[in-house]
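Participant: One structure, as structure tokens, below. Some questions next.
The values are calculated or read from the model by the stated rules, or taken from the named source; none is laboratory data. All figures in this text were calculated on a predicted structure; none of them were measured in a lab. For neighbour counting, all protein chains shown are included, and Cβ atoms are generated from backbone atoms with ideal geometry for every residue, glycine included.
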Amino acid sequence: MKLRFSKIYKHPILNKLINKETLAYGIAGLLTTLVNFISYELIYRLYLSNLTANALAWLIAVTFAYLVNKSWVFRSKSTTRGVEAIKITKFFSARLLTLGIEQLGIYFFVERLGIYRWIIKGSLSILVIILNYIFSKLFIFNKNKV
């Protein structure tokens, strides 16, 4: 009994989870994570703390992520500057929430428990990417809302 990809792809649940948008988001998420990790390492090497390096890397990565998500993943268009300002505010607000989760994780696991920083940063990135997709899809680039 052969299992074919075409049959799996036609499965209604998998079809919702694996589509052009989620694949584009996955690629954008990986690129954003790469921008974040490289920025974090470069800033950390300036002898700044883990938390400071992470916050500055976050700012660089979130700016990159907004541009990529708006234009490539969700193909979002804004009719006015006001609408664009609302999207930017929502995007950065949602990302602040996931930054808080990441900062708490780094503080607890790296600063307090002494676990190697890259293990924690990598693990937290998976959670952050998933949460960011949910926020972007439902609240920021939702075609039915501003």
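Participant: Among the residues of the range 41-85, write down those that are closer than 23 Å to Lys121 by Cβ, modelled with pLDDT under 90 and hydroxyl-bearing (Ser, Thr, Tyr).
Facilitator: Listed by number, the list holds a single entry, Tyr47.
Participant: Just checking, which of Phe141, Phe91, Phe74 is under 13 Å from the mean Cα position of the chain (by Cα), within 18 Å of Tyr25 (Cα to Cα) and among the hydrophobic types (A, V, I, L, M, F, W, C)?
Facilitator: Checking each option against the conditions leaves just Phe91.
Participant: Go through (1) assigned to a helix (DSSP H, G or I); (2) closer than 28 Å to Ile119 by Cβ; (3) not aromatic (Phe, Trp, Tyr) one by one and return the number of the condition Leu46 breaks.
Facilitator: If we test Leu46 against (1) assigned to a helix (DSSP H, G or I); (2) closer than 28 Å to Ile119 by Cβ; (3) not aromatic (Phe, Trp, Tyr), just (1) comes out false.
Participant: Which numbered condition in (1) of a type in the set (D, E, K, R); (2) under 27 Å from Lys20 (Cβ atoms); (3) over 14 Å from the mean Cα position of the chain (by Cα) is the only one that Glu111 fails?
Facilitator: The one condition Glu111 does not meet is (2).
Participant: Considering (1) out of contact with any helix residue (DSSP H, G or I) (no Cβ under 8 Å at 6 or more places or on another chain); (2) at pLDDT below 90; (3) part of a helix (DSSP H, G or I), say which one Phe108 fails and leave the rest.
Facilitator: Tallying (1) out of contact with any helix residue (DSSP H, G or I) (no Cβ under 8 Å at 6 or more places or on another chain); (2) at pLDDT below 90; (3) part of a helix (DSSP H, G or I), Phe108 fails exactly one: (2).
Participant: Quick one: in the range 42-57, which of the residues that are in contact with a Phe, Trp or Tyr (Cβ under 9 Å, 6 or more places away or on another chain) and under 26 Å from Tyr133 (Cβ atoms) is surrounded by the most Cβ atoms within 10 Å (Cβ to Cβ)?
Facilitator: That would be Asn54.
Participant: Could you tell me whether the range 73-88 includes any residue that is surrounded by 16 or more Cβ atoms within 10 Å (Cβ to Cβ), touching a helix residue (DSSP H, G or I) at 6+ places or on another chain (Cβ under 9 Å), in a helix (DSSP H, G or I) and among the small types (Gly, Ala, Ser)?
Facilitator: No, the range 73-88 contains no residue that is surrounded by 16 or more Cβ atoms within 10 Å (Cβ to Cβ), touching a helix residue (DSSP H, G or I) at 6+ places or on another chain (Cβ under 9 Å), in a helix (DSSP H, G or I) and among the small types (Gly, Ala, Ser).
Participant: Exactly one condition in (1) outside any helix (DSSP H, G or I); (2) crowded, with 18+ Cβ neighbours inside 10 Å is false for Ile115; which is it?
Facilitator: (2)
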